[in-house]
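Notes follow the structure.
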Amino acid sequence: MTTQRRSSPFRLVDLASQPRPLLREAAQLLVDGFRDTAPRAWPNVLVAESEVRAVLEPPDLARGALDDSGKLLGWVGGLSQYYGGTWELQPLVVDPAQRHHGVGRALVQDLEARVLEQGGHTLWVGADDEMGHTSLAGEDVFGDPLGALARITARPPHPLEFYRKLGFTVVGVIPDANGPGQPDILLAKRLGPRLS
């Protein structure tokens, strides 16, 4: 008996090569996608369009997931930093109606492959907590940042566990990054070979 593999309900594309209206869609996704977790990040489409334009400039990367009709389901940006070896994942957004269908995972894995192709060896991401979704929220993390990180927990919709499932490790925190008691949790993933 043969099992037929289901084809993916979306395809991954380079956003820089897509038509202009899709870029407006990417900006709107930032506003809609971060409304419940980081509403100050992209409060309107004009601010979000600036982010989209910035990540489309080489050597940075922007990858999108399109459905069969060409609708943008989500997208991810990769910012080249630190002499090209370390890249920042910024941003990752998935249409709220498309979450939990593998779009975010596919976008991150695709970005990892592209970063490796560019000679990158580390990918990092900041996971802000503006809305009190982690155990660090409302705390004075400056007193014992390493202890606070050792005990960190998060609840949805915070992306901490999503990134951990993809192999990212919590490597740091910027206390009060978004205001008192609103930290930015830093995660990173090694893409290249391990030390021997």
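The values are calculated or read from the model by the stated rules, or taken from the named source; none is laboratory data. Keep in mind it's a predicted model, so treat the numbers as computed, not measured. We place every Cβ from the backbone using ideal geometry, glycine too, and count neighbours over all the protein chains shown. Areas reflect the complete protein model, heavy atoms only, side chains present, ligands, DNA and RNA absent. Shrake-Rupley method; radii C 1.70, N 1.55, O 1.52, S 1.80 Å.
What trypsin sites (Lys or Arg not before Pro) does the stretch 5-48 have in DSSP loop regions with at most 11 other beta carbons within 10 Å?
Values: sites: ARG5, ARG6, ARG11, ARG24, ARG35, ARG40; in loops: ARG5, ARG6, ARG35, ARG40.
Taking the stretch 5-48 and a limit of 11 other Cβ atoms within 10 Å, the loop trypsin sites (Lys or Arg not before Pro) found are ARG5, ARG6.
Shape of the stretch 1-128 from its Cα gyration tensor (a ≥ b ≥ c, root eigenvalues): rounded if a/c is under 1.5, otherwise prolate when a/b > b/c, or oblate?
Details: a/c = 1.60, a/b = 1.13, b/c = 1.42.
Judged from the Cα gyration tensor, the stretch 1-128 comes out oblate (a/c at least 1.5, b/c at or above a/b).
What accessible area per residue, rounded to a whole number of Å², is obtained for the chain using a probe radius of 1.4 Å?
On the way: 10850 Å² over 196 residues.
It amounts to 55 Å² per residue over the chain.
For the chain, which whole percent of the accessible surface, found with a 1.4 angstrom probe, sits on carbon and sulfur atoms?
Values: 5680 of 10850 Å².
Answer for the chain is 52 percent, counting heavy atoms of protein chains only.
Sorted by accessible area with a 1.4 angstrom probe, largest first, how do ILE185, ILE174 fall?
Working: ILE185 0, ILE174 80 Å².
In descending accessible area the options line up as ILE174, ILE185.
For SER80, what accessible area in Å² do you get when you roll a 1.4 Å probe over the heavy atoms of the protein chains, rounding to the nearest 10?
40 Å²
What is the sum of charges around ASP129, taking Lys and Arg as +1, Asp and Glu as -1, for the other residues whose C-beta is under 12 Å from the C-beta of ASP129? Before the final figure, lay out the partial values.
Numbers: positive: ARG155; negative: ASP128, GLU130, GLU139, ASP176, ASP184.
That works out to -4.
Could you pull out the GluC sites (Glu not before Pro) across the stretch 81-133 that fall in loop regions by DSSP (anything but H, G, I, E, B) with no more than 10 other Cβ atoms inside 10 Å? Before the final figure, lay out each step's value.
Values: sites: GLU88, GLU112, GLU117, GLU130; in loops: GLU130.
Listed in order of number, the matching sites amount to none.
Residue by residue, what Karplus-based ³J(HN,Hα) values in Hz, rounded to whole numbers, does the stretch 158-172 have, using 6.51, -1.76 and 1.60 with θ = phi - 60° and x for Gly and Pro?
4, x, 3, 5, 4, 5, 4, 5, 8, x, 7, 10, 5, 10, x
If I require 27 Å or longer along the helix axis, counting alpha carbons, and a Kyte-Doolittle average no lower than 0.5, what helices from the chain are left? Use full DSSP H segments. Could the numbers behind the result be given before it?
Working: long enough: none.
Sorted by number, there is nothing, because no helix extends far enough and scores high enough.
Using amide H atoms built 1.01 Å from N in the peptide plane, name the residues 5+ places from GLN90, or on other chains, whose amide H lies under 5 Å from its own.
GLY77, GLY78, LEU79
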